[in-house]
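What follows is a set of notes on a single structure, which appears directly below.
The values are calculated or read from the model by the stated rules, or taken from the named source; none is laboratory data. Worth saying up front: this structure is predicted, and the values here are computed from it rather than measured. A quick note on method: Cβ atoms are made from the backbone with ideal geometry, for glycine too, and the neighbour counts reach across all protein chains shown. Protein only, heavy atoms only, side chains kept; ligands, DNA and RNA dropped before computing areas. Shrake-Rupley method; radii C 1.70, N 1.55, O 1.52, S 1.80 Å.
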Amino acid sequence: MAETPRRVAIVTGGARGIGAATARRLAAEGRAVGVVDLNEADAKKTADAIAADGGEAVGIGADVSDADQVAAAVATVAERLGPPVILVNNAGVIRDNLLFKMTEEDWDTVMNVHLRGSFLMSRAAQAHMTKEGFGRIVNLSSSSAQGNRGQANYSAAKAGLQGFTKTLAIELGKFGVTANAVAPGFIETEMTKATAERVGMEFEAFKKAAADSIPVRRTGRPEDIANTIAFLTGEDAGFVSGQVIYVAGGPLD
Ligand code: NAP
């Protein structure tokens, strides 16, 4: 097994949920982590928790759907930690509604954060990766990519990220850069809490109902996704590229 060197990673949406767990996990492996989130104070909380555990991190406020803020965030990480060669495009939002009630704003917001955000971040970070001859990009897709009632916008964005991932793998492979997508099923975070509220259920009852239909009979935790991302961004995963890995407690594909 290859030793894990210090490399610089960026995790977007790293203030909480899957992003925070991933930032902490990568830092525990010896990566220096740029934690990017909308709110700088929240991003810094994750960075502080990493530092308290003896790791290295900086917290940066940026909206991943804004090209100027993305360029500034990636430049700040490069300046303060070194060239970012690991990128986890995790920032995400939901604006659920049935199609006939979905507004154009609901559609655009979801497309902008997931698709435009991943595009802008990847375009900025690949400059460092190709120069270094090493890179790992992981995009957060979702089991909803296969269709989910009330999520026409989110499902389209998450399916779009799968095509985006495969194209990055094809274009960047010759530079030592891999790109993969992780597609979580039900993970216990603020996002699934918000969904429970929307359908008028207590979170515990909502989780139990979900667990009953999951083959391993439990819902997922942010660490389940962080573990998979740690593998895909690791030194030993250089021959795994362009794949979509469902981390959902049982088959989807
Ligand atoms: P979460 O708890 O809602 O956290 C998402 C984070 O992204 C928040 O800190 C949020 O900041 C940040 N964010 C939102 N818009 C942003 C923007 N424009 N720029 C920068 N940061 C932004 O979500 P999660 O459940 O951990 O999900 C993480 C990723 O996994 C998402 O891409 C999600 O779609 C995907 N996923 C989650 C599940 C699940 O079951 N939870 C399943 C499949 C896929 P604010 O708090 O300031 O809004």
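Report yes if some residue within the stretch 194-216 is open to solvent by 80 Å² or more (accessible area, probe 1.4 Å), on the phi < 0 side of the Ramachandran plot and of a type in the set (Ser, Thr, Tyr); otherwise report no. Yes; the residues of the stretch 194-216 include at least one that is open to solvent by 80 Å² or more (accessible area, probe 1.4 Å), on the phi < 0 side of the Ramachandran plot and of a type in the set (Ser, Thr, Tyr).
For the stretch 131-151, which residues satisfy the criterion of being open to solvent by less than 40 Å² (accessible area, probe 1.4 Å) and over 18 Å from the mean Cα position of the chain (by Cα)? Phe134, Gly150, Gln151, listed by residue number. Of the helices (runs of 4 or more DSSP H) lying entirely inside the stretch 117-234, those containing at least 2 residues that are at pLDDT below 95 span 190-198.
Restricting attention to the stretch 119-152, the residues that are touching a residue at least 12 places away in the same chain (Cβ under 8 Å), within 24 Å of Ser213 (Cα to Cα) and of a type outside the set (Ser, Thr, Tyr) add up to 7.
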